[in-house]
Amino acid sequence: MAKSEKMFRCSECGAKYHKWLGKCEDCGQWNCIIEEIQTDSFSAAGKSAMEFRALSLFQEKIDRKLSDIGEFDRVLGGGAVPGSVILIGGDPGIGKSTLLLQVSAALSQDYSCVYISGEESAEQICMRAERLEAGNSGVKLACETDVGVIIRSLGNDVDFLVVDSIQTLRSSFVESIPGTVSQVRACAYELINFAKTTGSTVFLVGHVTKDGAIAGPKVLEHMVDTVLYFEGERGNSYRILRSVKNRYGPCDELGIFEMQQRGLVSVQNPSVLFLTQRDEDVPGSVVFSGIEGSRPLLVEAQALVSKSYFTSPRRTVVGWDLNRLFTILAVLESKCRISFSDRDVYLNIAGGLKISEPACDLAAALSLLSARSGKAISRETCAFGEIGLTGEIRSVARCQERVKEAEKLGFRNIILPHSNRFHRGAFPSVNFIEVKTLMEVLEAVGTGCP
Ligand code: TYD
Ligand code: MG
């Protein structure tokens, strides 16, 4: 091994130091500086000079490879790109290994696929494959953690390589233990290099920290081409695959799966899924017509407002942003004179989905008002619109698609921003309630408080 020198690195942000510190000066975290041994082996392998090429020499069309698992291909932007590296993060037990084993099995019908596990034994994986009915597929399996050995064993004709997980790998160039910042980075570097030189597509499984970010250095997410998160709620069989970065496709695209006895199954009509079975009108429930990634999706906002016995009343959200809830409550109080100061407020997006769109504001406000007054909003009504700090209802993007999805699922009344322009004539069966301010919304639906 080449001459090495002592280095210290922050395991949270990757900042480098020459001496140990109790607190990282870059990110401010305590007890996160660890020692690593740097070597100059990486740079020693370099070429003597580089070659230039013209931009026009690039191939016109990327030849994407489809797994035929519809939701997976959709999240990648229409199939996997050769030579790309895709990082998949998610909580333990959410189904990352299951998903990638199914994807490998599906891809192995047309392509050569290698599945490397550093976490489970070959027997465990074979048992799972049996359960997923993937036992007879052409996937080549190995249990190995040395990245050098993995790359040397692969050759040039591997189309897909799955590595489960990047935190279990170690590179002999770096002397720290697997899972540390320097190891994760060195192993990712070698695998990315492998993907770029051979044209293989590499899937890396990444563990997440308790805050939900992919463990290891943030630079890992910068290094790879695509970052996907696999999410879902415990006790709920639905799983959501979300792209947060994609150099070869749209980001914020969603793929929706259901975990069944025989593995993950693509969900064909997600809007139906996120609406609970609603046989009667109930106070506090309002449907929001949202856009997630490239497609519209209807979800239900549910609110509960109850008398508070705390000095500072409770505010709890699931699937939405707590700060957004504070803002909406403040606007309702100052613009509509409806106070929640002596009430506990709970707001929930049904079905385990996390909504980040501001267009959900109006549905959230309506569900709060309905829960507070005890008056239900018709289950044939859905809403979308952003609420501004002055109480105005602001227009949102892709209105026509939202309306179309709502109409398709049988909604007859749509509450939407007055300023949104779209072709109404295309929806003769829908009653549009256009609103400019939150006060107008109150008048329109009559959920004002006594
Ligand atoms: P796994 O893929 O091991 O999760 P991860 O790699 O993200 O840690 O998923 C394990 C969970 O999935 C486990 O709780 C059992 C469940 N599961 C099913 O419900 N059906 C199946 O067919 C399989 C293979 C797993
Ligand atoms: Mg796993």
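The values are calculated or read from the model by the stated rules, or taken from the named source; none is laboratory data. Just so it is clear, the model here is predicted, and its values are computed rather than measured. When we count neighbours, we look across all protein chains shown, and the Cβ atoms used for this are built from the backbone with ideal geometry, even at glycine. Quick note on the areas: whole protein, heavy atoms, side chains included, nothing else; ligands and nucleic acids left out. Shrake-Rupley method; radii C 1.70, N 1.55, O 1.52, S 1.80 Å.
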Original post:
Once amide H atoms are built 1.01 Å from N in the peptide plane, which residues 5 or more positions from D146, or in another chain, come under 5 Å H to H?
Top reply: R170
Subject >> Share antiparallel - DSSP beta bridges, the chain, percent rounded to 5 >> reply: 55
Subject >> Most fluctuating residue given options S171, S395, S56, as computed from a GNM of the chain linking Cα atoms under 10 Å >> reply: S56
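Suppose accessible area is computed on protein heavy atoms with a 1.4 Å probe; arrange M127, M439 from highest to lowest.
On the way: M127 140, M439 85 Å².
Listed by decreasing accessible area, they come as M127, M439.
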**OP:** Would you list which lysines come within 19 Å of K375, measuring only between C-alpha atoms, while excluding same-chain residues fewer than 8 positions from it?
**Re:** K307
Subject >> Exposure ranking of R234, R398, R262, R74 by accessible area [1.4 Å probe, largest first] >> reply: R234, R262, R398, R74
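Percent relative contact order of the chain, based on C-alpha pairs within less than 8 angstrom and at least six residues apart?
Worked out over the chain, it gives 12 percent.
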Original post:
GNM on the chain, C-alpha springs below 10 Å: top fluctuator among Q167, Q124, Q183?
Top reply: Q124
Subject >> Contact order relative to length of segment 61-210, as percent, for alpha carbon pairs under 8 angstrom and 6 or more apart >> reply: 30
Original post:
What lysines could a cross-link reach from K16, if we take a straight Cα to Cα line under 26 Å and drop same-chain neighbours fewer than 8 places away?
Top reply: K3, K6, K210, K218, K245
**OP:** Could you list which residues have their amide H under 5 Å from that of M7, counting only those 5 or more apart in sequence or on another chain, with H placed in the peptide plane?
**Re:** E36, Q38
Subject >> J(HN,Hα) series, segment 90-105, from Karplus relation 6.51 cos²θ - 1.76 cosθ + 1.60, nearest Hz, glycine and proline x >> reply: x, 4, x, x, 6, x, 4, 5, 4, 4, 6, 5, 5, 5, 4, 4
Original post:
If exposed chymotrypsin sites (Phe, Trp or Tyr not before Pro) are those in a DSSP loop with at most 11 other Cβ within 10 Å, what is the longest stretch of the chain that has none?
Top reply: 59-308
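Excluding ligands, DNA and RNA, what is the solvent-accessible area per residue of the chain at a probe of 1.4 Å, expressed in Å²?
Ligands and nucleic acids excluded, the figure is 48 Å² per residue.
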Subject >> Per DSSP, loop GluC sites (Glu not before Pro) in segment 200-267 with at most 10 further Cβ within 10 Å >> reply: none
Original post:
Hey, any idea what % of the chain's accessible area is carbon plus sulfur with a 1.4 Å probe?
Top reply: 50
Original post:
Comparing G235, G374, G388, which has the greatest mean-square fluctuation in the GNM of the chain with Cα pairs linked when under 10 Å apart?
Top reply: G235
Subject >> 5 angstrom amide H check on V318, placed H, neighbours 5+ away >> reply: L347, N348, I349
Subject >> Backbone HN-Hα couplings from phi across segment 206-211 [Karplus 6.51/-1.76/1.60, Hz, Gly and Pro as x] >> reply: x, 6, 10, 7, 5, 7
Original post:
Of the beta bridges DSSP finds with both residues in segment 273-445, what % are antiparallel, to the nearest 5?
Top reply: 55
**OP:** Nearest 5 is fine: what % of DSSP beta bridges in segment 65-268 come out antiparallel, could you say?
**Re:** 40
Original post:
Whole-Hz Karplus ³J(HN,Hα) for segment 232-244, in order, using 6.51 cos²θ - 1.76 cosθ + 1.60 and θ = phi - 60°, x for Gly and Pro?
Top reply: x, 9, 5, x, 10, 7, 7, 10, 10, 9, 10, 8, 9
Original post:
If one computes the Cα centroid of segment 219-269 and of segment 340-372, what distance in Å separates the two points?
Top reply: 25
